[in-house]
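Encoded as structure tokens, the structure appears first; notes follow it.
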Amino acid sequence: MSVLVAFSVTPLGVGEGVGEIVAEAVRVVRASGLPNKTDSMFTVIEGDSWDEVMSVVQRAVGAVAARAPRVSTVIKADWRTGVNDAMTRKVESVERYLADD
């Protein structure tokens, strides 16, 4: 099974520059040992179960909440049985179609 979760955590009430605080969330994700990728909008994490992945998301939000009076979180999840390494395989599928252009 593959559970992919894309999420963003935004600290509120701390001013405009939030990169230092957002980095706390990314540290939690990277320390989890689960496959992950961070870009300018979201962090994607992949695990074998809902509980495994959401536990990391909860800890990441908690790390930001420890430094901000308010936290906004956006979460998108893809839960699929019979699949693993979905984070890589989904992108590879799209790239194959683009290579045909």
Residue among THR10, THR38 that is of a type in the set (Ser, Thr, Tyr), modelled with pLDDT of 95 or more and within 18 Å of VAL91 (Cα to Cα): THR38
Residues located in segment 19-43, provided they are β-branched (Val, Ile, Thr) and open to solvent by 50 Å² or more (accessible area, probe 1.4 Å): THR38
Residue list for segment 49-74, restricted to those being of a type in the set (A, V, I, L, M, F, W, C) and open to solvent by less than 80 Å² (accessible area, probe 1.4 Å): VAL53, MET54, VAL56, VAL57, ALA60, VAL61, ALA63, VAL64, ALA65, ALA68, VAL71, VAL74
Output for segment 21-60, where each listed residue is small (Gly, Ala, Ser) and either outside any loop (DSSP other than H, G, I, E, B) or closer than 12 Å to SER2 by Cα (or both): ALA23, ALA25, ALA31, GLY47, SER49, SER55, ALA60
Top-ranked residue of segment 1-18 - restricted to ones that are assigned to a loop (DSSP other than H, G, I, E, B) and open to solvent by 40 Å² or more (accessible area, probe 1.4 Å), ranked as nearest to SER72 (Cα to Cα): GLY13
Residue that is touching a Ser or Thr at 6+ places or on another chain (Cβ under 9 Å) and modelled with pLDDT of 95 or more, where the choices are ARG27, ARG80, ARG59, ARG67: ARG59
Any hit, segment 87-94, residues being closer than 18 Å to SER8 by Cβ and under 12 Å from the mean Cα position of the chain (by Cα): yes
Selection count where residues are over 15 Å from ALA6 (Cβ atoms) and in contact with a Lys or Arg (Cβ under 9 Å, 6 or more places away or on another chain), scope segment 61-95: 2
Selection from segment 75-89 of residues that are surrounded by 11 or more Cβ atoms within 10 Å (Cβ to Cβ) and not small (Gly, Ala, Ser): ILE75, LYS76, ASP78, TRP79, ARG80, VAL83, ASN84, ASP85, MET87, THR88, ARG89
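The values are calculated or read from the model by the stated rules, or taken from the named source; none is laboratory data. Everything numeric here is computed off the predicted structure, so don't read it as measured data. Because the Cβ atoms are built from the backbone with ideal geometry, glycine has one as well, and the counts that use them run over all protein chains shown. Each accessible area value is taken on the protein alone, full model and side chains, heavy atoms only, with ligands, DNA and RNA left out. Shrake-Rupley method; radii C 1.70, N 1.55, O 1.52, S 1.80 Å.
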